[in-house]
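In what follows, a single structure is set out as structure tokens and then discussed.
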2 protein chains.
Amino acid sequence: MTVNSARPEPLQEVIPIRRISLSDKIIDQIVDLISRNVLQPGERLPSEKDLCKRFGVGRATLREALRSLAVMGILDGRVGEGTFVSHNNQRYLERNLQWGLLLDPKKVGDLLETRLMLETQTAFSAARKATAADLEAMEGTIQGMENSVDRPEQYLRFDLEFHLLVAQATQNTILHQLVSMTRGYLQAWIKESLVSPPSRPEDRHRAQTSIREHRAVLRALRSGQAEQARQAMRAHILSSSADLHQHLEQTST
Amino acid sequence: MTVNSARPEPLQEVIPIRRISLSDKIIDQIVDLISRNVLQPGERLPSEKDLCKRFGVGRATLREALRSLAVMGILDGRVGEGTFVSHNNQRYLERNLQWGLLLDPKKVGDLLETRLMLETQTAFSAARKATAADLEAMEGTIQGMENSVDRPEQYLRFDLEFHLLVAQATQNTILHQLVSMTRGYLQAWIKESLVSPPSRPEDRHRAQTSIREHRAVLRALRSGQAEQARQAMRAHILSSSADLHQHLEQTST
DNA sequence: TATATTAAGGTTGTCAGACAACCTGTAAAT
DNA sequence: ATTTACAGGTTGTCTGACAACCTTAATATA
């Protein structure tokens, strides 16, 4: 019993007395059932009327619980059919991330920094795990870019596809989602910065440079040199971010 | 017009026709208001009756939207007072502690890999941006760990707090969110793996080791040596992940 | 008989009204 | 002036009802 251990709880703030609503309890129970695999993905829950009787609550209360779980992507309500356990429990992670990110005044600068980190790391990891099929698909997207240097819309789709393929090659679904998400948010800005000056001659040059950078990344991935892949991706991201930064400062001032 | 560019849309699957419920639309609107800071943290929303008239929906529908946002920690309903915008948007982390169990073992492995990447990078970035206040707060959490080596519950809270402080020190809100999220999901597993064998003697030893690792990270951050901070964090994460990996293989078999 | 149409029942989505539990501020009583 | 009681407003919950929709089976038609 030292002095320190005698102060187990600083009581830093007033006791956060929590009023637990009925729908919260229902949510906890359903989540528990799913996590224990009593309710399996794709399975249909009993009807709302039935669930009301089992839980002993009114339909409004039950529905508030079900809707909450549906919004998070854990359940999936279909009119006229029933309520089902979402088979891709993956989606609720994505939703949660979106809610989290939406609430912040999402600074594009922070996003760019995060993207740099994510993508350099995915390149590193992908160099070790990419399959022949992955590499072939990447080659296809690069050819797609070459064939659409004059169609920014289409070019961007191939560009995005390439980066997603790299993320997919890591075989880490969460990493893939994070990359997909950051790209998703940035895509709007990228598109704007590319479209606003309608097809300048520099765009063609920029596209050629970008394609060379992509090829460098792919080359490193092919040879399985992780560190080299990271550097190549880093160079590409920094290079492509420069335009965005420039465009940002123009619009913000 | 090559073969590649002639295949713009594979029409891979049937059109995912989506039925958008009214409460979903309300959720979108409210989230948008909050993200645009029209509704600020701590602010009180109009009463439900009032909101019903504004949105032109019934109270059940409105409540399903409000409850969904409340469950995610974005809103906070208080009986007799009103509904408020949650000021600590990190409350949704607490809830995710339970939902972490929804992830299957394979995804937990992915999460561990992702966490390693995120946290090593945050340590690197934090070494350059951490303020004196940040460092002092971290010191406090380490002392908290030392004073609670025999109370796993409390120890984990300080542990979590330390890592969140490191993320916060990067001054990158998105990075901070991602670290919060990954830690949040893992926390459920960490807790389970610590509680299942009730207070073995090794736990004390593990805690001491963990504290040393944390100190090493803090030392590197203090001296502003980014690369050293990354390595220290990497060592710590790998060391602390070992237990989880072991626990994972037990449960998956 | 085989196919198309219709009807019935069940299910979710939404609305309206009501009551309980609760908080706050004000007016009344001490 | 302090305490008490009350009234109004707010969220939490229940009940009943109707619309939109899906599935299934019975019915009508070729």
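Derivation of every value follows stated rules applied to the coordinates shown; laboratory data play no part. As the structure is a prediction and not an experimental result, all values here were calculated from the model. Using ideal geometry, Cβ is built from the backbone for each residue, glycine included, and neighbour counts are taken over all protein chains shown.
Can you tell me which of A:Gly100, A:Gly109, A:Gly56 is more than 9 Å from chain B (Cβ to nearest Cβ), of a type outside the set (Val, Ile, Thr) and either more than 11 Å from DNA strand D (Cβ to nearest atom) or on the phi > 0 side of the Ramachandran plot (or both)?
Working: A:Gly100 fails: more than 9 Å from chain B (Cβ to nearest Cβ); A:Gly109 fails: more than 9 Å from chain B (Cβ to nearest Cβ).
Result of the check over A:Gly100, A:Gly109, A:Gly56: A:Gly56.
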Legend entry - Failed item in (1) of a type in the set (D, E, K, R); (2) away from DNA strand C (no atom under 16 Å from the Cβ); (3) more than 24 Å from A:Ser240 (Cα to Cα), with A:Glu119 passing the rest: (3)
Inset, instruction - Could you figure out which of (1) loosely packed, with under 14 Cβ neighbours inside 10 Å; (2) within 16 Å of DNA strand D (Cβ to nearest atom); (3) closer than 21 Å to A:Ile27 by Cβ; (4) not aromatic (Phe, Trp, Tyr) isn't true of A:Val79? - result: (3)
Inset, instruction - Within the stretch B:149-172, track down each residue that is crowded, with 20+ Cβ neighbours inside 10 Å and facing chain A (nearest Cβ under 8 Å). - result: B:Asn172
Legend entry - Residue in the stretch A:84-103 that is within 16 Å of DNA strand C (Cβ to nearest atom), of a type in the set (Ser, Thr, Tyr) and either under 28 Å from A:Thr182 (Cα atoms) or free of Cβ contacts under 8 Å to residues at least 12 places away in the same chain (or both) present: yes
